[in-house]
Protein chains: 2
Amino acid sequence: MRLKGTISYDGTSFYGWQMQKGYPTIQSTIEEVLRHITGTDVRISGAGRTDTGVHAFEQVAHFDWNHRLPLEKVALAMNALLPSSVRILKVTEAAPDFHARYDAKSKEYLYRIDPNPVYSPFSYGYALFYPFRIDLDLMRECAKMIEGEHDFAGFQATGTDVVGTVRRMFRVDILPEIPDWATDRRLLGIRFHATGFLRKMVRFLVGTIVEISGGRKDPEDLRIALDRCDRSRAGVPAAARGLFLEKVHY
Amino acid sequence: MRLKGTISYDGTSFYGWQMQKGYPTIQSTIEEVLRHITGTDVRISGAGRTDTGVHAFEQVAHFDWNHRLPLEKVALAMNALLPSSVRILKVTEAAPDFHARYDAKSKEYLYRIDPNPVYSPFSYGYALFYPFRIDLDLMRECAKMIEGEHDFAGFQATGTDVVGTVRRMFRVDILPEIPDWATDRRLLGIRFHATGFLRKMVRFLVGTIVEISGGRKDPEDLRIALDRCDRSRAGVPAAARGLFLEKVHY
């Protein structure tokens, strides 16, 4: 039986989602738990391979289940063994050929920025601390430019070797007032909704937007980076700790 | 020159506010930083002695400043040396006889409860995970009972030896929908505003409210615990990790 799991994790102390020999990853942590429960090797396959330090509100993954433990107990059993930094929000039965990555129609990522003069001890690991000039109108101008279909080859990790680098960006929303835990604190969010994302694409886009909104780059740089896939016009990637995989749509 | 500092901290890895030989506390961490900056011993005195594991959005403390570093640089210098779990939000000049504890007119504490079926990796250390029955009407009934002037002797840590145990509770607010970081998640908050608090008082009150709202105790137990200072009718104290010192009023 193929299962679809929805997973939330704090990526702070993991080397990303995907298995890497000798390093703790979300995937290897979950597979170790599945091995404990089933006594066999169970491979889990995620919708997006989040990088080192990147978080997820709702990652999706599929895995096959051939064990006597009934479906409704799988999430409970996994959560009982997982560290508190990884939670299985739910597990449901999926079509036998369901594939978390190939069947995903689109994904949403949220990038959080703390623009306050002093950061909060509670959000330090979960936002980019940026107490400098931010022009929201320039941010919105960047957001508009990024929307639509583009070749994002100028906004990916170097050394990546993917075949297609064109993605459709449905929306980029600037959220100037997302709540933080302390009642009167607000953070700034940038939400990206696209058919797919290249490696470090959101972090390169955020880095570029932040430099432009702070007056250190021109909106024209973003346009050229997008139109000519010119990496030299893009900014440096923003810190992983501000990034959350928010939702996978099927 | 007497200074007033507003301080936020993540209490997870501290043995509370107050100095304890051999254990890391917020006070000792800040005093060590002040020693580095000034080269002398500077004593810092907080408005409330939060317990092990308790957090603060806005703790207030006073200390004396006889160093050449100008006032406007004190918070910056302290933050540069402090761990990310402790932040000086601001430092201002106070009256020469200002006392953070004795001059405080009232304090607000917020207790956060995660009532969702699965906890969030991001709020686990910052809320009581309680995925069980919670009757909000019963909670509000408890809140009303706690408001007003009471002898809270039945709601304090055993072995405490304070002279007066009467406090005026201005308000107890049940906040059923406080935002969490994941967009569609909500937490439950209980905010207490009183002239002062006994040791573990909020945690005893929350433990009692939660047991009553879950049907495991009767509202009458709370009334008796309040009227007769009967500790046996009160619940067990709720976990420290859900508690935040939110504000000190002067």
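Values as computed for the structure displayed
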{"read-out": "Elements of type strands (runs of 3 or more DSSP E) contained in the stretch A:24-125, each with 1 or more residues being in contact with a Pro (Cβ under 7 Å, 6 or more places away or on another chain)", "value": "A:86-93"}
{"read-out": "Selection status of A:Gly11, crowded, with 16+ Cβ neighbours inside 10 Å, within 12 Å of chain B (Cβ to nearest Cβ), under 22 Å from the mean Cα position of the chain (by Cα) and not β-branched (Val, Ile, Thr)", "value": "yes"}
{"read-out": "From A:Ile174, A:Ile88, residue being closer than 19 Å to B:Asp184 by Cα, among the β-branched types (Val, Ile, Thr), within 14 Å of chain B (Cβ to nearest Cβ) and out of contact with any Phe, Trp or Tyr (no Cβ under 8 Å at 6 or more places or on another chain)", "value": "A:Ile88"}
{"read-out": "Members of the stretch A:162-191 found to be outside any loop (DSSP other than H, G, I, E, B), farther than 30 Å from B:Phe57 by Cβ and not β-branched (Val, Ile, Thr), listed by number", "value": "A:Arg167, A:Arg168, A:Met169, A:Phe170, A:Arg171"}
{"read-out": "Extreme residue, surrounded by the most Cβ atoms within 10 Å (Cβ to Cβ), among residues of the stretch B:21-36 that are over 15 Å from the mean Cα position of the chain (by Cα) and within 14 Å of chain A (Cβ to nearest Cβ)", "value": "B:Ile30"}
{"read-out": "Count of the stretch B:64-85 residues which are more than 9 Å from chain A (Cβ to nearest Cβ), within 26 Å of B:Tyr15 (Cβ to Cβ) and of a type outside the set (A, V, I, L, M, F, W, C)", "value": "1"}
{"read-out": "B:Ala157 vs. criteria in contact (Cβ under 8 Å) with a residue 24 or more places away in the chain, on the phi < 0 side of the Ramachandran plot, of a type outside the set (S, T, N, Q) and assigned to a loop (DSSP other than H, G, I, E, B)", "value": "yes"}
{"read-out": "Pick from the stretch B:193-250, criterion of a type in the set (S, T, N, Q) and more than 14 Å from B:Glu108 (Cα to Cα), ranking: farthest from the other protein chains (Cβ to nearest Cβ)", "value": "B:Ser232"}
{"read-out": "Residues within the stretch B:95-127 that are within 13 Å of B:Leu187 (Cα to Cα) and under 14 Å from the mean Cα position of the chain (by Cα), tallied", "value": "5"}
{"read-out": "Of the criteria (1) away from chain A (no Cβ under 13 Å); (2) more than 17 Å from B:Glu177 (Cα to Cα); (3) touching a residue at least 12 places away in the same chain (Cβ under 8 Å); (4) not hydroxyl-bearing (Ser, Thr, Tyr), which one B:Ile134 fails", "value": "(2)"}
{"read-out": "Meets criteria (closer than 25 Å to B:Gly215 by Cβ, modelled with pLDDT of 95 or more and within 14 Å of another protein chain (Cβ to nearest Cβ)) for B:Phe129", "value": "yes"}
{"read-out": "Lone qualifier among B:Arg203, B:Arg231, B:Arg223 - being closer than 21 Å to B:Tyr130 by Cα, of a type in the set (D, E, K, R) and in contact (Cβ under 8 Å) with a residue 60 or more places away in the chain", "value": "B:Arg203"}
{"read-out": "Candidates A:His36, A:His62, filtered to the one that is out of contact with any Ser or Thr (no Cβ under 6 Å at 6 or more places or on another chain) and not aromatic (Phe, Trp, Tyr)", "value": "A:His36"}
{"read-out": "Condition broken by B:Arg216, with the remaining ones in (1) touching a helix residue (DSSP H, G or I) at 6+ places or on another chain (Cβ under 7 Å); (2) outside any helix (DSSP H, G or I); (3) without any contact (Cβ under 8 Å) to a residue 24 or more places away in the chain satisfied", "value": "(1)"}
{"read-out": "Subset of the stretch B:43-78 (residues that are surrounded by 21 or more Cβ atoms within 10 Å (Cβ to Cβ) and either touching a Cys at 6+ places or on another chain (Cβ under 9 Å) or without any contact (Cβ under 8 Å) to a residue 40 or more places away in the chain (or both))", "value": "B:Ile44"}
{"read-out": "Flag if A:Gly39 is at positive phi, surrounded by 15 or more Cβ atoms within 10 Å (Cβ to Cβ) and more than 14 Å from chain B (Cβ to nearest Cβ)", "value": "no"}
{"read-out": "The listed residue being within 13 Å of chain B (Cβ to nearest Cβ), acidic (Asp, Glu) and farther than 20 Å from B:Pro115 by Cα, out of A:Glu108, A:Glu93", "value": "A:Glu108"}
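The values are calculated or read from the model by the stated rules, or taken from the named source; none is laboratory data. Everything numeric here is computed off the predicted structure, so don't read it as measured data. All Cβ positions, even for glycine, are placed from backbone atoms using ideal geometry, and neighbour counts span all protein chains on display.
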